[in-house]
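**Student:** Okay, here's the structure, questions in a sec.
Read-outs throughout are calculated quantities, based only on the coordinates presented, and are distinct from any laboratory measurement. This is a predicted model, so every value here is computed, not measured. Virtual Cβ from ideal backbone geometry, glycine too; neighbours counted across all protein chains shown.
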Amino acid sequence: MNAMDARGTHYLQYLQALMDDPLQVARSAANSGTSVVGFVGDEVPVSLIAAAGALPVRLHSVAGKPTARA
């Protein structure tokens, strides 16, 4: 496998991990002290959240999955 294939495989694994756990980046940011603001819908001014120094995270529902912490 050449270097380009190895990088491509690495990116695919990273994307698969994000698909498996879409809030992984938000949890990591929160654990490192960054404020994280979750929002629903497309009417939220994301630029204001970012300007406040927080990581904006759009929350999506997943049909058919229970919400354990709701």
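**Student:** Could you check region 22-47 and list, in sequence order, the residues that are surrounded by 10 or more Cβ atoms within 10 Å (Cβ to Cβ) and not hydrophobic (A, V, I, L, M, F, W, C)? I'd like the intermediate steps shown before the answer.
**Tutor:** Step one: filter region 22-47 for residues surrounded by 10 or more Cβ atoms within 10 Å (Cβ to Cβ), giving 22-30, 34-40, 44-46.
Correct list: PRO22, GLN24, ARG27, SER28, THR34, SER35, GLY38, PRO45.
**Student:** Would you please list the contacts, defined by Cβ atoms under 7 Å and residues six or more apart or on different chains, that run from a residue in region 43-70 that is under 17 Å from GLN24 (Cβ atoms) to a residue that is of a type in the set (Phe, Trp, Tyr)?
**Tutor:** PRO56/PHE39; ARG58/PHE39; LEU59/PHE39
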